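Enquirer: Supplied in structure tokens, the structure appears directly below.
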Amino acid sequence: MSDCIFCNIVTGESPSHKVYEDDDILAFLDINPINPGHTLVIPKEHYKDLTDTPPELASKLIQTVQKIKPAILGAVGADSFNLGVNVGKKAGQVVFHTHFHIMPRFEDDGHKLWGGKQVAQDELALTAEHIKKLL
Ligand code: 5GP
Ligand code: ZN
């Protein structure tokens, strides 16, 4: 058994409701779904988060999202979804094995998007300049 719950799901040592699998990628239902059909898409190989994941593998994650999204939405009768990636503890990441959340959304499902803050244009300009200097 690994310390990582998702690695254990990959090996089958921990149970899960798998919906898709190929050589590199696994998708299974979230144990605490925000809505029916909430699915996690992960690389089978362990990386702690998206930024740590080789670009080719990250690309396969996206391709898998595109491939399985129609079936997930079709199964639960949704026409919209949020794609979620939490990177780091402060952003809500709890499991440190790269994963995308596919979260089907429904009218009046009780979930909201983040609220934006009002900021001055010059503050946006300063932040943009700062970011560009660090690239
Ligand atoms: P994070 O907050 O790290 O982006 O999301 C981790 C997700 O993994 C959570 O939505 C949580 O419900 C899900 N999760 C945690 N442990 C398990 C598990 O053992 N099995 C499954 N299927 N999902 C899990
Ligand atoms: Zn892992």
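Enquirer: Show the residue pairs that are 6+ apart or on different chains and have beta-carbon atoms under 7 Å apart, the first residue being within the stretch 59-83 and within 12 Å of PRO104 (Cα to Cα), the second being open to solvent by 70 Å² or more (accessible area, probe 1.4 Å) and assigned to a helix (DSSP H, G or I).
Expert: Once the first residue is within 12 Å of PRO104 (Cα to Cα) and sits in the stretch 59-83, its partners that are open to solvent by 70 Å² or more (accessible area, probe 1.4 Å) and assigned to a helix (DSSP H, G or I) give PHE81/LYS69.
Enquirer: Which of (1) within 22 Å of VAL10 (Cα to Cα); (2) outside any strand (DSSP E or B); (3) out of contact with any Pro (no Cβ under 9 Å at 6 or more places or on another chain); (4) not acidic (Asp, Glu) is the odd one out, the single condition LEU113 does not satisfy?
Expert: (1)
Enquirer: Right, another one. In the list LYS112, LYS67, which residue meets the criterion of being modelled with pLDDT under 95, open to solvent by 80 Å² or more (accessible area, probe 1.4 Å) and farther than 27 Å from SER2 by Cα? Reasoning before the result, please.
Expert: Numbers: LYS67 fails: modelled with pLDDT under 95.
Result: LYS112 is the single residue among LYS112, LYS67 that is modelled with pLDDT under 95, open to solvent by 80 Å² or more (accessible area, probe 1.4 Å) and farther than 27 Å from SER2 by Cα.
Enquirer: For the stretch 40-49, check the following and say yes or no: at least one residue is among the charged types (D, E, K, R), open to solvent by less than 80 Å² (accessible area, probe 1.4 Å), in contact with a Phe, Trp or Tyr (Cβ under 9 Å, 6 or more places away or on another chain) and in contact (Cβ under 8 Å) with a residue 40 or more places away in the chain.
Expert: Within the stretch 40-49, one or more residues are among the charged types (D, E, K, R), open to solvent by less than 80 Å² (accessible area, probe 1.4 Å), in contact with a Phe, Trp or Tyr (Cβ under 9 Å, 6 or more places away or on another chain) and in contact (Cβ under 8 Å) with a residue 40 or more places away in the chain.
Enquirer: Take the stretch 10-22 and flag every residue that is free of Cβ contacts under 8 Å to residues at least 24 places away in the same chain and either closer than 16 Å to VAL95 by Cβ or near ligand 1 (Cβ under 8 Å from one of its atoms) (or both).
Expert: Those that are free of Cβ contacts under 8 Å to residues at least 24 places away in the same chain and either closer than 16 Å to VAL95 by Cβ or near ligand 1 (Cβ under 8 Å from one of its atoms) (or both): THR11, GLU13, SER14, PRO15, SER16, HIS17.
Enquirer: I need a count of the residues in the stretch 1-39 that are part of a strand (DSSP E or B), open to solvent by less than 20 Å² (accessible area, probe 1.4 Å) and of a type outside the set (Phe, Trp, Tyr).
Expert: Qualifying residue count, the stretch 1-39: 4.
The values are calculated or read from the model by the stated rules, or taken from the named source; none is laboratory data. None of the values given here were measured: they were computed from a predicted structure. Cβ sites come from the backbone with ideal geometry, for glycine too, and all protein chains shown count toward neighbours. Only protein heavy atoms, including side chains, enter the accessible area calculation; ligands, DNA and RNA are left aside. Shrake-Rupley method; radii C 1.70, N 1.55, O 1.52, S 1.80 Å.
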